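Participant: Below is the structure I would like to discuss, written out as structure tokens.
The values are calculated or read from the model by the stated rules, or taken from the named source; none is laboratory data. The structure presented is a predicted model; accordingly, all values stated were derived computationally and were not measured. Here the Cβ positions follow ideal geometry from the backbone for every residue, glycine too, while neighbour counts run over all protein chains shown. Protein only, heavy atoms only, side chains kept; ligands, DNA and RNA dropped before computing areas. Shrake-Rupley method; radii C 1.70, N 1.55, O 1.52, S 1.80 Å.
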Amino acid sequence: MNNIEVVGLGALNIDHIYQVERILDDGETVVSEAASFPGGSAANTIYGLAKLGMNTGFTGVVGDDAEGEVMLQDFHKVGVDTSQIKVRPGARTGSALCLSDKLGRRSLYLLPGANNLLTIDDLDLAYINQAKMFHVSSFVDDRQFNILLALMNRLDLSTKVSFTPGALYATKGLEVLTPILNRTCVLFVNQNELHQLTGGGILAGVESCLKHGCQIIAVTLGQGARLGLGKGISRRTVTAISYIRDAESEYVIELGNQNTISGVDTTGAGDAFATGFIYGLLNGKGLEQCGRLGDIVAQFSITKVGAREGLPTSAELAQRYHELYSERL
């Protein structure tokens, strides 16, 4: 496929989602619902961008099992190019056990399977470099992490990188991730991941990421966090659900009635935010608009169980944006 706008790279997992009364440290509770869906962080974002009408592709590895076929067919449904996804004979497709409770808390347990078989030879540089954006998320095994580090030095300088480290990579810390952060156009993290990555709070953590090479940092803040913005008489305190920063400016998406859609399942909400943000960025929108779009797509995503089931079409996104902001996309 030519003219691919965004290429994704990351683990491909089947998510086995169990909605429970509460997440436990120890003990016993009730499962209210259980279902399985295609997942994987970068894969969810690429799926969402394709559903919004963008030309996307993905590179990764699945097994030659029923789950691998489900993964490929789900991509085909929205037009994602899967020519660079390798099918490994005899391997099991990766899976994730996801526990989600009524308070929006999640607990994830990963079985990497075929994802651990990805090699540098599986990556077609020409395919990746054709894209405007290369969207990367984590793997479990250190061999794939080292592949990502090596890949950063081989990308064309014109290829922009967006990076969702997740908890697995955030815990590695800034210094270990610097080769990737130096190439990162947009870093997507939640509040906990930012603290794991930098050891600091929201504002200080974002500043550290800028110093390590990131051009834009987008932090999702769940149900909201209090932030003190500005200086002197212009200083104000807001409750923000996302915070966006580049070298010159900062933006917040504030908590309001328009953001309080009743959530069913928060699985993939961060991936959905990245979907809306990248969609806005590649369509020439400003960072505040990108943040708004990210929030709207995330709000759509949590209305249904699974990371992808609630994701909007471009028409649905445009309609919701106009309803909230009286502006047309």
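Participant: Starting from the range 274-285, keep only residues that are of a type outside the set (Ser, Thr, Tyr), then list their pairs with residues that are open to solvent by 40 Å² or more (accessible area, probe 1.4 Å) and part of a helix (DSSP H, G or I) whose Cβ atoms are within a distance under 7 Å, requiring at least 6 positions of separation or different chains.
Facilitator: 280/289
Participant: Next question, about the same structure. Kindly indicate whether residue 150 is farther than 13 Å from residue 274 by Cβ and surrounded by 15 or more Cβ atoms within 10 Å (Cβ to Cβ). So that I can check it myself, show each step before the final result.
Facilitator: Details: farther than 13 Å from residue 274 by Cβ: yes; surrounded by 15 or more Cβ atoms within 10 Å (Cβ to Cβ): no.
So residue 150 does not fit the description; no.
Participant: What residue, among those in the range 109-137 that are assigned to a helix (DSSP H, G or I) and small (Gly, Ala, Ser), is most open to solvent (accessible area, probe 1.4 Å)?
Facilitator: Narrowing the range 109-137 to residues assigned to a helix (DSSP H, G or I): 113-117, 120-122, 125-129.
Filter again for small (Gly, Ala, Ser), leaving 113-114, 126.
Details: 113: 32, 114: 0, 126: 76 Å².
Applying the filter and picking the extreme gives 126.
Participant: Starting from residues that are part of a loop (DSSP other than H, G, I, E, B) and basic (Lys, Arg), keep the ones in the range 262-311 and report whichever is nearest to residue 223 (Cα to Cα).
Facilitator: By that ranking, first place goes to 304.
Participant: Exactly one of (1) of a type in the set (Val, Ile, Thr); (2) crowded, with 20+ Cβ neighbours inside 10 Å; (3) touching a residue at least 60 places away in the same chain (Cβ under 8 Å) is unmet by residue 140. Its number?
Facilitator: Failing condition for residue 140: (2).
Participant: Only one residue in 35, 96 is open to solvent by less than 10 Å² (accessible area, probe 1.4 Å) and either assigned to a strand (DSSP E or B) or out of contact with any Gly (no Cβ under 9 Å at 6 or more places or on another chain) (or both), so which one is that? Spell out the reasoning first.
Facilitator: Details: 35 fails: open to solvent by less than 10 Å² (accessible area, probe 1.4 Å).
When all the criteria are applied, what remains is 96.
Participant: Can you name the residue in the range 172-202 that is in a helix (DSSP H, G or I) and touching a residue at least 40 places away in the same chain (Cβ under 8 Å) and, of all such residues, is surrounded by the most Cβ atoms within 10 Å (Cβ to Cβ)?
Facilitator: Step one: of the range 172-202, the residues in a helix (DSSP H, G or I) are 174-181, 191-198, 202.
The next check asks that each one be touching a residue at least 40 places away in the same chain (Cβ under 8 Å); those that pass are 180, 202.
Numbers: 180: 23, 202: 20.
Here the residue is 180.
Participant: Look through 70, 62, 87 and report the one residue that is in a strand (DSSP E or B) and open to solvent by 20 Å² or more (accessible area, probe 1.4 Å).
Facilitator: Details: 70 fails: in a strand (DSSP E or B); 62 fails: open to solvent by 20 Å² or more (accessible area, probe 1.4 Å).
The unique qualifying residue is 87.
Participant: Would you check if residue 30 is aliphatic (A, V, I, L, M) and in contact (Cβ under 8 Å) with a residue 12 or more places away in the chain?
Facilitator: Numbers: aliphatic (A, V, I, L, M): yes; in contact (Cβ under 8 Å) with a residue 12 or more places away in the chain: no.
Spelling it out, it is not the case that residue 30 is aliphatic (A, V, I, L, M) and in contact (Cβ under 8 Å) with a residue 12 or more places away in the chain.
Participant: Okay, next question. Is it the case that residue 41 is among the polar types (S, T, N, Q), in contact with a strand residue (DSSP E or B) (Cβ under 9 Å, 6 or more places away or on another chain) and at pLDDT below 95? First the steps, then the outcome.
Facilitator: On the way: among the polar types (S, T, N, Q): yes; in contact with a strand residue (DSSP E or B) (Cβ under 9 Å, 6 or more places away or on another chain): yes; at pLDDT below 95: no.
Judged against the criteria, residue 41 is not a match.
Participant: Being touching a Leu at 6+ places or on another chain (Cβ under 9 Å), under 16 Å from residue 270 (Cα atoms), among the β-branched types (Val, Ile, Thr) and open to solvent by less than 70 Å² (accessible area, probe 1.4 Å) narrows it down to one residue among 206, 219, 238; which is it?
Facilitator: Values: 206 fails: under 16 Å from residue 270 (Cα atoms); 238 fails: under 16 Å from residue 270 (Cα atoms).
219 is the lone residue from the list that is touching a Leu at 6+ places or on another chain (Cβ under 9 Å), under 16 Å from residue 270 (Cα atoms), among the β-branched types (Val, Ile, Thr) and open to solvent by less than 70 Å² (accessible area, probe 1.4 Å).
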